[in-house]
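These notes are about the structure you will find just below.
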Amino acid sequence: MTYGDEAALVAAAAAGRPLAQVAVAAGVSVSTVQRRLRDPEVARAVAVARSELRRQAVARVVDLRASALNRVEAILELADPALALRAATLILNMSLKVEAAYDFHDRLAALEEGLVEEEDEVDDEVTREPEGAPVVVPSAGGSCVEGGAS
């Protein structure tokens, strides 16, 4: 049984609102919010909603990036050397951060790929029977009979 507006609870919690504000949005008490957030399904819904909010924010930044770069580029061409220097510094700092983020992403992807390959190798080793190991086969009477290696 759910109490209050669970969609509002999830949305407010995903947005990072304080518990009291989440409670008001959902029409429940703070203790109900705390209890609902401990529910694995609600916690998953909050995580999914938070991830979607992040995705939307990144999409907005990407949409604004070209416009912002055009503005900074225009400032580079101004007669005021102080403004041009600040714009150039901004571009250089941001390019270093972007490069570092891409480098981090590539390294993380390589590590994750390596882990998947290692897990596959471990799974293969676990499911493979060692050579010469006896094969235990249950007999019709319920006891086990040792057979030769297959």
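The values are calculated or read from the model by the stated rules, or taken from the named source; none is laboratory data. Bear in mind the structure is a predicted one, so any value in this text is a computation, not a measurement. Neighbour counts are summed over all protein chains in view; Cβ atoms, including those assigned to glycine, are modelled from backbone coordinates with ideal geometry.
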Practice task
Could you tell me whether any residue of the stretch 112-129 is farther than 30 Å from Ala12 by Cα, modelled with pLDDT of 85 or more and either of a type outside the set (D, E, K, R) or in a loop (DSSP other than H, G, I, E, B) (or both)?
Solution key: yes
Practice task
Only residues in the stretch 80-97 that are over 18 Å from Arg65 (Cα atoms) count as the first member; pair them with residues that are surrounded by 12 or more Cβ atoms within 10 Å (Cβ to Cβ), Cβ under 9 angstrom, at least 6 apart or cross-chain, and list the lot.
Solution key: Leu83/Ile75; Leu83/Leu76; Ala84/Ile75; Ala84/Leu76
Exercise for the section: Quickly run through the stretch 83-109 and pick out the residues that are of a type in the set (Ser, Thr, Tyr) and over 28 Å from the mean Cα position of the chain (by Cα). Expected result: Thr89
Exercise for the section: Identify all residues within the stretch 74-91 that are of a type outside the set (S, T, N, Q), surrounded by 10 or more Cβ atoms within 10 Å (Cβ to Cβ) and assigned to a helix (DSSP H, G or I); write none if there are none. Expected result: Ala74, Ile75, Leu76, Leu83, Ala84, Leu85, Arg86, Ala87, Ala88, Leu90, Ile91
Handout entry: Candidate set from the stretch 28-77 (those that are closer than 17 Å to Asp5 by Cα and of a type in the set (Lys, Arg)); member that is farthest from the chain's Cα centre (by Cα)
Key = Arg35
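Mind listing whichever residues of the stretch 63-85 are aliphatic (A, V, I, L, M) and at pLDDT 80 or above?
Kept after step one, since they are aliphatic (A, V, I, L, M), are these residues of the stretch 63-85: 64, 66, 68-69, 72, 74-76, 78-79, 82-85.
Once the filter is applied, which keeps residues that are aliphatic (A, V, I, L, M) and at pLDDT 80 or above, the stretch 63-85 yields Leu64, Ala66, Ala68, Leu69, Val72, Ala74, Ile75, Ala82, Leu83, Ala84, Leu85.
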Practice task
Could you look through the stretch 15-48, keep only residues that are part of a loop (DSSP other than H, G, I, E, B) and small (Gly, Ala, Ser), and pick out the one that is surrounded by the fewest Cβ atoms within 10 Å (Cβ to Cβ)?
Solution key: Gly16
